[in-house]
């Protein structure tokens, strides 16, 4: 079973970017957390990070025809305005779980709304690196259901 873990713009800067909201783990360290969780469930993680909305959408389209069993996505700021990303998730034939390190509902008003959430099986926010473990567990469970 393959879990596709996707990251959107600016998440490559984790570890040094606004540690009060995002913590101090780097993107590579978060991927390792997700990979470890997947392995404990007998799954593997394929990771990709994109600074470009179009590249992220292209990878989601490819997930519809490769061996992806489920998707975990942290789209960064695209969460709040990318209807194109929402549509790409909506056409997936596999479950998708949205994950955010920070509690987006306790931050600026514009972060309170996720336009992609209606296309996802569920959303996890505010638990830092633990959220990635929870998202992978959810994705594996949904893929096996």
Condition check for residue 84: in a helix (DSSP H, G or I), touching a helix residue (DSSP H, G or I) at 6+ places or on another chain (Cβ under 7 Å) and under 23 Å from residue 128 (Cα atoms): no
Filter result (in contact with a helix residue (DSSP H, G or I) (Cβ under 8 Å, 6 or more places away or on another chain) and within 18 Å of residue 123 (Cα to Cα)) within the stretch 39-81: 60, 69, 70, 71, 72, 73, 74, 75, 76, 78, 79, 80
Criterion: at pLDDT 95 or above, touching a strand residue (DSSP E or B) at 6+ places or on another chain (Cβ under 8 Å) and not in a strand (DSSP E or B) - qualifying residue of 136, 115: 136
Residue in the stretch 7-38 that is nearest to residue 84 (Cα to Cα), counting only those that are touching a helix residue (DSSP H, G or I) at 6+ places or on another chain (Cβ under 6 Å) and not in a loop (DSSP other than H, G, I, E, B): 11
Test for residue 102: is it surrounded by fewer than 20 Cβ atoms within 10 Å (Cβ to Cβ), modelled with pLDDT under 95 and in contact with a strand residue (DSSP E or B) (Cβ under 9 Å, 6 or more places away or on another chain): yes
Scope the stretch 42-80; condition assigned to a loop (DSSP other than H, G, I, E, B) and surrounded by fewer than 16 Cβ atoms within 10 Å (Cβ to Cβ); matching residues: 42, 51, 52, 64, 65, 66, 67
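Each row is one residue, and each column tells you yes or no for (1) more than 22 Å from residue 15 (Cα to Cα); (2) over 14 Å from the mean Cα position of the chain (by Cα).
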| position | (1), (2) |
| --- | --- |
| 54 | yes, yes |
| 66 | yes, yes |
| 85 | yes, no |
| 108 | no, yes |
| 121 | yes, no |
| 124 | no, no |
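The values are calculated or read from the model by the stated rules, or taken from the named source; none is laboratory data. Not measured: the values here are computed from a predicted model. Because the Cβ atoms are built from the backbone with ideal geometry, glycine has one as well, and the counts that use them run over all protein chains shown.
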